[in-house]
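Notes follow once the structure below has been shown.
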Amino acid sequence: MNKTAVARWGDLEPAKPAYALVADIDLVVIRWPEPIEAGAPGISVLYGRCAHRGALMSDGRIEGGNIVCGLHDWDYCYKTGVSSYNPAEKLHRFSAWIEDDEVWVDAEEIRAWAVDHPQPYDRDVYQGRYK
């Protein structure tokens with residue numbers, strides 16, 4: 001395991017997607033808007049590119065239980081990453097936890113996922129990372 005911090009828990013606004021980059025993979029970090037229940041993590045770290053056109057999901061918004069892409073309104077459950085419209089479409093959900101006011105992921109898990117999902121995005125050009 002390669003424990004890597006992606007955000008400060010106290011800095012994340014509930015229901016506001018945040019950007020992170022680990023192992024050259026774009027991620028979206030979402031602090032759940034509802035109170036944390038016993039056993040629920042209260043946080044999701046999902047693959048951060050929309051399945052439709054690759055837009056950054058951190059540029060999107062939360063509507064109800066979904067994260068919605070800011071370009072073409074594709075939606076995914078922010079807790080699971082599965083699309084509400086088409087369950088065959090999903091954003092991979094990575095293991096994440098909160099410890100010492102930090103949101104942590106396992107960079108090795110993300111790196112292993114990247115082997116099977118190489119990224120075609122050049123962040124230095126149009127539609128690369130356009131924040």
Next item on the list: Compare the Cα positions of Ala107, Pro17, Ala7 along the charge dipole of the chain (+1 at Cβ of Lys, Arg; -1 at Cβ of Asp, Glu; about the Cα centre) and return the one farthest towards the positive end.
Entry: Pro17
Check: Taking a 1.4 Å probe, which of Tyr19, Tyr85 shows the most accessible area, and what order do the others take after it?
Finding: Tyr85, Tyr19
Item checked: Cysteines in the chain that, by Cβ-Cβ distance, have no pairing candidate under 4.7 Å -> Cys77
Item checked: Residue-by-residue Karplus 3J(HN,Hα) for the range 51-64, coefficients 6.51, -1.76, 1.60, Hz, glycine and proline x -> 5, 6, 10, x, 5, 6, 6, 5, 8, x, 8, 9, 10, x
Notebook entry, point to check: How large is ³J(HN,Hα), in whole Hz, for each residue of the range 12-26 in order, when computed from phi with the Karplus curve 6.51 cos²θ - 1.76 cosθ + 1.60 and θ = phi - 60°, using x for Gly and Pro?
Noted result: 6, 7, x, 6, 10, x, 10, 8, 8, 9, 9, 6, 6, 10, 6
Margin query: What distance in nm lies between label points placed 7 Å from Cα along the C-beta direction at Tyr121 and Leu21?
Written below: 1.0
Notebook entry, point to check: Taking the Cβ-Cβ separation of Asn86 and Asp11 as r and a Förster radius of 25 Å, what is the calculated FRET efficiency to the nearest 0.05?
Noted result: 0.15
Note to self: Give me, ordered by chain and number, the residues 5 or more places off Val82 or on other chains with an amide H under 5 Å from its own placed amide H.
What the structure shows: Cys77, Leu91
Note to self: Run the numbers for Ala114 and Met1: contour at 0.36 nm per residue of separation, minus the present Cα-Cα distance, in nm.
What the structure shows: 39.1 nm
Notebook entry, point to check: To the nearest 20 debye, what charge dipole does the chain have about its Cα centre, counting +1 at the Cβ of each Lys and Arg and -1 at the Cβ of each Asp and Glu?
Noted result: 300
Notebook entry, point to check: Tell me, what ³J(HN,Hα) does each residue in the range 115-120 have, in order and in whole Hz, if you take phi through Karplus 6.51 cos²θ - 1.76 cosθ + 1.60 with θ = phi - 60° and put x for Gly and Pro?
Noted result: 4, 8, 9, x, 8, x
Note to self: Which of Asp59, Asp100, Asp26 ends up with the largest GNM mean-square fluctuation for the chain, with Cα atoms connected below 10 Å?
What the structure shows: Asp100
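Could you rank Arg49, Arg61, Arg8 by how accessible they are, 1.4 Å probe, largest area first? Intermediate results must be reported in sequence, preceding the final value.
Working: Arg49 0, Arg61 85, Arg8 110 Å².
Result, largest first: Arg8, Arg61, Arg49.
The values are calculated or read from the model by the stated rules, or taken from the named source; none is laboratory data. Only a predicted model underlies this, so the values are computations on that prediction, with no experimental measurement involved. Using ideal geometry, Cβ is built from the backbone for each residue, glycine included, and neighbour counts are taken over all protein chains shown. Please note that ligands, DNA and RNA were not included when accessible areas were found on the heavy atoms of the full protein model with its side chains. Shrake-Rupley method; radii C 1.70, N 1.55, O 1.52, S 1.80 Å.
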